[in-house]
1. Determine ³J(HN,Hα), in whole Hz, for all residues of segment B:121-127 in sequence, where each value follows from phi through the Karplus function 6.51 cos²θ - 1.76 cosθ + 1.60 and θ = phi - 60°; x replaces Gly and Pro.
2. Once amide H atoms are placed 1.01 Å from N in the peptide plane, what residues at a sequence separation of 5 or more from B:E361, or on another chain, have their amide H within under 5 Å of its amide H?
3. If you stretched the chain out fully between B:K147 and B:N386, how much longer would it get, using 0.36 nm times the residue separation minus the C-alpha to C-alpha distance?
4. Could you calculate the contour length gain from B:W225 to B:K2, that is, 0.36 nm times the residue separation minus the distance between their Cα atoms, to one decimal place in nm?
5. Quick check on chain A: helices-only [θ] at 222 nm, where DSSP H runs of length 4 and up contribute -39,500 (n - 2.57) each and the sum goes over total residues. Nearest 500, please.
6. Looking at segment B:1-92, which trypsin sites (Lys or Arg not before Pro) are in a loop (DSSP not H, G, I, E or B) and have at most 14 other Cβ atoms within 10 Å?
7. In what sequence, highest mean first, do B:139-146, B:86-93 appear when ranked by Cβ atoms within 10 angstrom?
8. If you average the alpha carbon positions of segment B:41-105 and of segment A:64-81, how far apart do those two centres end up, in angstrom?
Amino acid sequence: MKIKLIDIAHGRSGDKGDAANIGIIAYDNNGFDMLQKYVTTEAVKKHFEGICFGEVERFELPNLKALNFLLHNTLGGGGTVSLKLDAQGKTLAVALLRMEIEVE
Amino acid sequence: MKEKIRIASGQGFWGDLIEAPFYQVTRGEIDYLVMDYLAEVTMSILQKQKNKNPNLGYAKDIPDLMKRILPICKEKKIKVITNGGGVNPVACAKAVLQVAQTLGISGVKIGIVLEDDIKERIDEIISAGCELKNMETGDSIIEIKEKLLSANVYFGAFPIVEALQKGADIVITGRTTDTGLTLAPMIYEFGWEKNEYDLMSAGTIAGHILECGAQSTGGNFLGDWDSVPNFAEIGFPICEAFSNGEFIITKHEALGGKVTVETVSEQLLYEIGNPEEYITPDCVADFTSIKLKQSGENRVRVYAIKGKPETEFYKVSCSYADGFSASGSLTYSWPKALTKAKAADQILRKRLELLNLSFDEIRSEFVGYNSCHGPLAPEIDEDKINEIQLRVSVRSHDFASVERFGKELAPLILTGPPSVTGFAGGRPKPNEVVAYWPALMPKTLVQPKVEILEI
């Protein structure tokens with residue numbers, strides 16, 4: 001069965017220099033199990049091909065049913081250096097939630 | 001010692017809702033109003049203002065705001081803490097004293113936190129053996145020393161605590177951490193000790209929840225955002241803090257917004273790195289220890305927070321001039337809006353090439369199609385698209401190239417694809433690019449200083 005992350009999670013994103021931070025939060029425990037299992041560092045790196053040009057770091061916060069990602073080399077230089085309309089990565093949380101996962 | 005205090009957030013950045021701090025002091029009871037005005041970009045803007053006029057360099061909204069709220073704060077004994085002093089906290093404090101004088105208010109003590117500005121001390125710091133190496137690239141600051149616009153140390157809560165202990169009713173700082181503004185009144189009121197790291201972390205995390213204003217009370221909330229009541233009069237967060245380190249995030253009942261485990265969780269995840277190591281000058285807080293519980297309508301209890309000792313370093317934020325950029329746009333209408341915008345982009349790029357201009361980067365975005373999500377944006381059916389805005393931006397160390405780019409956009413209206421409009425703003429002007437230089441510095445190389453002004 002295919003599930004779109006936006007149906008099981010919400011979140012927020014922002015900037016840390018040229019890196020974007022994306023936090024995603026499952027609505028329930030079952031959803032968090034799916035995030036933990038399927039939204040891996042590799043899956044996120046592949047999803048953001050052409051957007052993220054650096055390393056992807058992944059952190060777990062089971063207490064908040066959440067995952068936090070740092071996407072390095074993603075914001076076109078960050079700050080006022082970046083020419084991007086979304087220089088602060090504000091819309092990248094929903095970009096991640098576009099991801100579809102194949103669950104059993 | 002008090003058992004409980006109410007700390008209200010009044011501002012999430014310079015440019016935030018002007019009415020918010022006024023609502024916080026008038027629509028319910030609070031003990032402290034804390035306001036964060038400083039983003040990284042703000043410091044360089046303020047430094048430029050101070051270079052032009054030595055009496056400027058702080059958030060100019062503050063005197064106007066104090067004119068409205070000082071009499072109320074005085075009557076209700078609300079203390080105000082802000083980092084809006086920017087690169088000139090003394091001038092900011094004097095402007096506020098002027099306001100008090102005009103209003104005929106006396107008996108006001110303003111605490112000022114100084115010495116975070118190290119721009120004039122760079123050589124001395126380098127000779128002391130600290131090259132302020134860029135945390136991302138490892139390069140020494142010597143490489144950009146001549147281009148520095150601002151350099152500030154992030155102080156924590158303790159200089160503010162000192163000001164409160166000296167009787168300050170208002171505390172104005174320069175570059176203090178956003179979280180320190182909220183932690184400080186807890187340390188002061190509850191008598192917490194520096195080495196009580198769980199408590200330091202609790203106050204720090206409370207500060208993280210408050211520092212972006214309404215982002216924890218329903219603003220920019222990605223969950224069921226359309227269920228958030230009364231955005232127009234959104235209530236900014238209030239932290240009801242207890243002496244044992246537990247706290248409740250809430251808001252004034254009379255205002256809009258909502259406080260749920262979901263709205264608070266989103267803010268907890270905002271702009272963090274490794275959640276087990278949230279580093280501030282006061283402690284290293286562990287976000288994986290936080291427990292949240294809905295304890296009533298618009299009330300979220302936050303507890304069980306753990307933390308570790310602070311590091312031996314202050315974070316330093318420097319900014320420097322790094323070339324020029326410009327950005328402009330044109331709007332293309334149906335039919336085939338995207339095809340036309342893409343054609344116009346190619347024509348423009350060809351002309352820039354023929355002119356032999358020099359750019360570090362040229363970026364084209366198609367607003368209405370892919371400006372937010374780039375290659376993740378799915379293909380669109382052009383027949384269903386009414387219009388597309390072409391946005392082109394350039395960056396270069398050659399001012400003339402950026403200036404000439406600004407003159408090449410408008411000609412596309414008469415010399416390119418049809419049904420184009422939206423060029424009312426004139427030629428895009430070159431802006432100075434401000435780049436950041438994050439670094440670490442041993443805490444021993446700088447001592448915060450606290451002064452009190454009184455009227």
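Read-outs throughout are calculated quantities, based only on the coordinates presented, and are distinct from any laboratory measurement. Fair warning: this is a prediction, and the values are worked out from it, not measured in the lab. Every residue, glycine among them, receives a Cβ derived from its backbone with ideal geometry; neighbour counts consider all protein chains shown.
1. Here the 3J(HN,Hα) series is 10, 4, 4, 4, 5, 5, 5 Hz.
2. Amide H neighbours of B:E361: B:R395.
3. Length gained between B:K147 and B:N386: 81.5 nm.
4. Contour length minus Cα-Cα distance gives 76.6 nm.
5. -6000 deg cm²/dmol
6. Passing both the DSSP loop test and the Cβ count: B:K2, B:K77.
7. Top to bottom by mean Cβ count within 10 Å: B:86-93, B:139-146.
8. Using only Cα atoms, the two centres lie 33 Å from each other.
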